[in-house]
Amino acid sequence: MSSCAKLCSALLLTATCFLLTAVVDSSEQVTTCDWFPLNIHRLACDHGVIKVDKALYGRSSPLVCTERAPQHSLSNVQCARKDTVETLQKSCDGKSVCEVLINDFRTPDPCVGTFKYLQTNFTCLHAITCVACEESEAHLYCDEEREIFVYGAEFGRRDRRTCSKRRTPQETENIHCQHQTDIVGKRCNGKNSCLIKASHDLFGDPCEGTYKYLEVFYTCIYHGEDPYNTWYID
Ligand SMILES: *[C@@H]1O[C@H](CO)[C@@H](O)[C@H](O)[C@H]1NC(C)=O
């Protein structure tokens, strides 16, 4: 258990932090063929948060997404939309789950007549996760030698279970209220300990009537250390 986990569970009833069990980063790959008019490309980490390493919308192999595609549409393997990796990084880095629509990549078409796919290679970085229900405080904490680095934070709701005690069904039914925020990083990065309240005053109200929570994904680094390239053995 991290020091944060002990502290949070001891001091705060509605805020909890835990070090996700995987301490080694894992590499993942997701490929979505461009079949349908509406197509969702979904990245997810069971543990930790997403860091997009590479992404391709187009075609670089004749062997990927071949089903139902005519042969002539597979031969061009030099097709890549330019801004793909930047777009994926912007939408997904620092989140535990992320969905992008393939539609958003289709125009302008990088290679007319080629059957395309979206492929992302990403890493699941280990992270300490801290959850604070609306109106309670999240306490991020590192040991004395290290400082906080926030990968990402979300204020809203993305499942029915989290922070649902003594709440009405209406208050927990909207699970499509994910609102990324950089406020936590701005306030806490570089500090050794940081207290932040999951309140409307600070984060606004992305979905009225829903009981929300703050989720923070962070790590502890030595000063100057690269937070995207650490080995966290607690
Ligand atoms: C992902 O990694 C695999 C294996 O290293 C590689 O063949 C593939 O081209 C990579 N995909 C992208 C989109 O870079």
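The values are calculated or read from the model by the stated rules, or taken from the named source; none is laboratory data. Since the model is a prediction, treat every value here as computed from it, not as a measurement. Methodologically, a virtual Cβ is constructed for each residue, glycine included, from the backbone with ideal geometry; neighbour enumeration extends over all protein chains shown.
Here are the numbers:
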| quantity | calculated |
| --- | --- |
| Val30 in contact with a Phe, Trp or Tyr (Cβ under 6 Å, 6 or more places away or on another chain), closer than 28 Å to Cys177 by Cβ and within 11 Å of the ligand (Cβ to nearest atom) | no |
| Qualifying residue in segment 64-86 (condition: in a helix (DSSP H, G or I), touching a residue at least 24 places away in the same chain (Cβ under 8 Å) and within 14 Å of the ligand (Cβ to nearest atom)) | yes |
| Helices (runs of 4 or more DSSP H) contained in segment 100-194 and holding at least 2 residues modelled with pLDDT of 95 or more and away from the ligand (no atom under 16 Å from the Cβ) | 169-172, 183-188 |
| Sole exception among (1) touching a Pro at 6+ places or on another chain (Cβ under 9 Å); (2) surrounded by fewer than 16 Cβ atoms within 10 Å (Cβ to Cβ) for Gln170, by number | (1) |
| Hits in segment 75-96 (condition: at pLDDT below 95 and closer than 11 Å to Thr114 by Cβ) | Ser75 |
| Any hit, segment 207-223, residues being free of Cβ contacts under 8 Å to residues at least 24 places away in the same chain and part of a loop (DSSP other than H, G, I, E, B) | yes |
| Selection count where residues are more than 16 Å from the ligand (Cβ to nearest atom) and closer than 20 Å to Pro110 by Cβ, scope segment 41-59 | 0 |
| Scan of segment 65-93 for residues that are surrounded by fewer than 16 Cβ atoms within 10 Å (Cβ to Cβ) and either under 30 Å from Asp182 (Cα atoms) or not hydroxyl-bearing (Ser, Thr, Tyr) (or both), ordered by number | Glu67, Arg68, Pro70, Gln71, His72, Val77, Gln78, Lys82, Asp83, Glu86, Lys90 |
| Gly185 vs. criteria loosely packed, with under 15 Cβ neighbours inside 10 Å and touching a residue at least 12 places away in the same chain (Cβ under 8 Å) | no |
| Enumeration of residues in segment 98-148 that are surrounded by fewer than 20 Cβ atoms within 10 Å (Cβ to Cβ), under 30 Å from Thr31 (Cβ atoms) and basic (Lys, Arg) | Arg106 |
| Extreme residue, surrounded by the fewest Cβ atoms within 10 Å (Cβ to Cβ), among residues of segment 16-64 that are aromatic (Phe, Trp, Tyr) and at pLDDT below 95 | Phe36 |
